[in-house]
Each structure stands twice: as C-alpha cells, then as structure tokens.
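Chemist: One structure coming up, written as structure tokens, with questions to follow.
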Amino acid sequence: MSILAAESANPLLPPVGEIIIGLIAFAIVLLVMFKFVAPRFEQVFRARREAIEGGIERAEAMQAEAQAALEQYRAQLAEARSEAAQIRDQARAEGQQILEELRAQAQEESARIVARGEEQLATARQQVVNELRGQIGTLAVQLAGQVVGESLADDARRSGTVDRFLAELDGMAAAGDGAVGARKSTR
C-alpha cells in the first residue's frame with residue numbers, strides 16, 4: 001500500500017527535497033546572474049548605446065561639416081565664375097584696345113606711305129619740270145637763233161634769253177590758269 005499511497009499523491013508535484021534543492025540552485029544561478037552577468041550585459045548595452053548615439057552625433061557633425069563644405073564649394077564656384085567673367089571682359093577690352101592700336105598703327109603707316117609717295121611724286125615732278133625747262137631752254141635758244149639769225153652761243157646771252165622765255169611761259173601759264181578759273185566761274 002505504500003506504493004499505492006505514494007502513488008495516490010499528485011504525480012505532477014515533485015518531492016519536497018527536490019523542490020528545495022531546485023530553489024537553492026535557482027537562487028545561486030540568479031545570484032550569479034545578477035552579480036556578474038547582468039552588470040556585464042548592462043555594460044555592453046551602455047557601450048552599444050553610446051556607440052550608436054556617438055555614431056549618430058558623428059554622422060550629424062559630418063553632415064553639418066559636409067553641408068558647410070558644400071556651401072564653401074558653392075561660394076568658391078560663384079567666385080570663380082565671377083572671376084572668369086571679369087577675365088573674359090578684361091580680355092575682350094584688351095583685344096579691342098589691341099585692335100584699335102593696330103588700326104591706329106595701320107593708319108599712321110598708310111599716312112606715312114602716302115606722304116612718302118607724295119614726296120616722291122613732287123620730287124619726280126620737279127625733276128621732270130627741271131629737265132623740260134632745260135630742254136625747252138635749249139630748243140628755245142636754237143629756235144631763237146634760227147629766228148633771229150644769229151648764233152646765241154654766248155652763255156650769258158643764252159641764259160638771259162632762256163630766263164626771259166621761261167618767265168614769259170610762267171606768266172602765260174598763270175594767266176591761262178586765271179582765265180580758265182574765270183571761265184569756270186562764269187559757267
């Protein structure tokens with residue numbers, strides 16, 4: 001009957017001795033957990049939280065730093081663009097100034113060439129006039145000698161005659177120019 005009496009007890013309830021040993025073992029495990037494991041878990045969780053919060057703060061700081069760098073980059077870019085525009089405008093102005101200087105030099109050179117050409121023409125005209133006067137004088141002396149019937153070989157006589165003849169020609173040319181001018185004005 002003792003087996004039956006023992007069996008008559010609740011089979012789901014363990015013996016009291018086992019419950020006490022289980023409670024002591026559980027208390028020891030709890031004590032070890034609270035004494036050693038829980039602080040370590042707290043320490044790990046705290047470190048992890050600080051790392052996450054520090055990472056967030058670092059990310060925010062880096063984002064602010066990146067934003068400041070972006071603003072600085074934009075300011076530098078705007079400054080570089082304005083400097084480029086100034087350089088471009090200055091280059092245009094310098095190019096225009098160089099063109100004006102080259103035009104002025106070309107005009108000066110052209111004026112110099114024209115003046116030199118006019119001088120050469122005047123010199124050539126004077127030479128032609130002098131040659132013609134000499135030839136006209138010689139021809140006039142020969143003609144005068146034939147008309148007069150005497151030889152004008154004497155240099156003094158010849159030069160006087162030639163000078164007189166040329167003076168008369170110049171007088172006629174001046175009178176002719178005046179008459180031509182008078183004819184033009186009456187028209």
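The values are calculated or read from the model by the stated rules, or taken from the named source; none is laboratory data. None of the values given here were measured: they were computed from a predicted structure. Because the Cβ atoms are built from the backbone with ideal geometry, glycine has one as well, and the counts that use them run over all protein chains shown. Please note that ligands, DNA and RNA were not included when accessible areas were found on the heavy atoms of the full protein model with its side chains. Shrake-Rupley method; radii C 1.70, N 1.55, O 1.52, S 1.80 Å.
Chemist: Identify all residues within the range 159-187 that are at pLDDT below 65, assigned to a helix (DSSP H, G or I) and either among the basic types (Lys, Arg) or within 60 Å of the chain's Cα centre (by Cα) (or both); write none if there are none.
Modeler: Matches in the range 159-187: Arg183, Lys184.
Residue by residue, here is whether (1) open to solvent by 90 Å² or more (accessible area, probe 1.4 Å); (2) of a type in the set (D, E, K, R); (3) part of a helix (DSSP H, G or I); (4) at pLDDT 90 or above holds:
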| residue | (1), (2), (3), (4) |
| --- | --- |
| Leu13 | yes, no, no, no |
| Ile19 | no, no, yes, yes |
| Val29 | no, no, yes, yes |
| Phe34 | yes, no, yes, yes |
| Gln43 | yes, no, yes, yes |
| Ala47 | no, no, yes, yes |
| Ala68 | no, no, yes, yes |
| Ala80 | no, no, yes, yes |
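Chemist: Suppose we filter the range 110-145 for residues that are within 30 Å of Gly160 (Cβ to Cβ), at pLDDT 90 or above and of a type in the set (Gly, Ala, Ser); how many remain?
Modeler: Number of matching residues: 2.
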